[in-house]
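Have a look at the structure below, then the notes.
The values are calculated or read from the model by the stated rules, or taken from the named source; none is laboratory data. Quick caveat, the model's predicted, so the values are computed rather than measured. Cβ coordinates were reconstructed from backbone atoms using ideal geometry, including for glycine residues, and neighbour counts include every protein chain displayed.
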Amino acid sequence: MTVESLIVFLLIGAVAGWLAGVIVKGYGFGLVGNIVVGIVGAFIAGWLLPTIGFAFGSGVLGAIINATLGAVILLVLLKLIR
């Protein structure tokens, strides 16, 4: 993994985590927390969406949409547990 791809990975995670925090009201974890939520959301979406047959395109925009959807799922599950 190159430095550039790591930076893009972290930026997509940060954007996805921030968007998920905006969509699911009341959840803002700061920059590092948003990156973690976005990355975990990307893993959730990477596993769940192909399993159920959804695909939201490719490229950076598709990655942000997928990671955001996974992060929203993660935040909703956290909200239900609390």
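Residue by residue, here is whether (1) assigned to a helix (DSSP H, G or I); (2) free of Cβ contacts under 8 Å to residues at least 40 places away in the same chain holds:
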{"residue": "V36", "(1), (2)": "yes, yes"}
{"residue": "I39", "(1), (2)": "yes, yes"}
{"residue": "F54", "(1), (2)": "no, yes"}
{"residue": "T68", "(1), (2)": "yes, no"}
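One line per residue, one yes/no per condition, for (1) touching a residue at least 40 places away in the same chain (Cβ under 8 Å); (2) not β-branched (V, I, T):
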residue: G46; (1), (2): no, yes
residue: T51; (1), (2): no, no
residue: V60; (1), (2): yes, no
residue: I64; (1), (2): yes, no
residue: A71; (1), (2): yes, yes
residue: K79; (1), (2): yes, yes
- request: Using the structure shown, decide if G59 is of a type in the set (G, A, S) and at pLDDT 85 or above.
  value: yes
- request: Mind listing just one residue for me: the one in region 48-76 that is exposed (fewer than 11 other Cβ atoms within 10 Å of the Cβ) and among the hydrophobic types (A, V, I, L, M, F, W, C) and, of those, nearest to A14 (Cα to Cα)?
  value: A55
